[in-house]
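To keep things clear, I will list the structure first and then write my remarks on it.
Laboratory data are not the source of any read-out in this text; all were calculated from the coordinates shown. Predicted, not measured: the structure shown is a model, and the values here were computed from it. All Cβ positions, glycine included, derive from the backbone under ideal geometry; neighbour counts span all protein chains shown.
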Amino acid sequence: MEDLFNQRILCNNCNKEMQKGKAQKDGYTLRALQCNSCNKRIYHPSDLEELKQFQKLKNKEFKVKLRLVGNSYIVSIPKEIIHYQEDLQKDTTEIIKMYLEEPEKLSIFFSKRIRRFY
């Protein structure tokens, strides 16, 4: 099935052709169409749905067990979170990055993006 965003779309306010673009929200890149005349913006429905699912997870508190296995502690990461990390779904032996940023804050990075401190 062809994507509707690949078609020429006219703004229903001013009847001018909308231009393809992108917008950032909560770390997601959303595909968008924008009218340069009236600044109306339309977001791709599947991108909005994925963002909505992410926002549900973002606000959800997960209680996980901390276990001792040999000389290391193990924390289980719920499948719901791994679902958004497509690279990890392919290979469960993937190496991820983990940093102790503050005395009570441990951060895990699934992507290969450069870590920046502010």
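What is the percent of Cα-Cα separations in the stretch 4-58 that go past 18 Å?
On the way: 536 of 1485 pairs.
The calculated P(r) of the stretch 4-58 puts 36 percent of pairs beyond 18 Å.
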> So which trypsin sites (Lys or Arg not before Pro) in the stretch 36-70 pass both tests, a DSSP loop state and at most 12 other Cβ atoms within 10 Å of the Cβ?
Replying inline: Lys60, Lys63, Lys65
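Which pairs in the list Lys22/Lys58; Lys22/Lys97; Lys20/Lys63; Lys16/Lys58; Lys20/Lys79 are over 32 Å apart, alpha-carbon to alpha-carbon?
On the way: Lys22/Lys58 22 Å; Lys22/Lys97 29 Å; Lys20/Lys63 41 Å; Lys16/Lys58 38 Å; Lys20/Lys79 34 Å.
Too far apart for the 32 Å limit: Lys20/Lys63; Lys16/Lys58; Lys20/Lys79.
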>> If I take R0 = 35 Å and measure r between the Cβ atoms of Asn13 and Ile108 in this structure, what FRET efficiency does the formula 1/(1 + (r/R0)^6) give, to the nearest 0.05?
In response: 0.20
> So for the pair Lys79, Lys56, with labels modelled 7 Å out along Cα→Cβ, what separation do we get in nm?
Replying inline: 1.5 nm
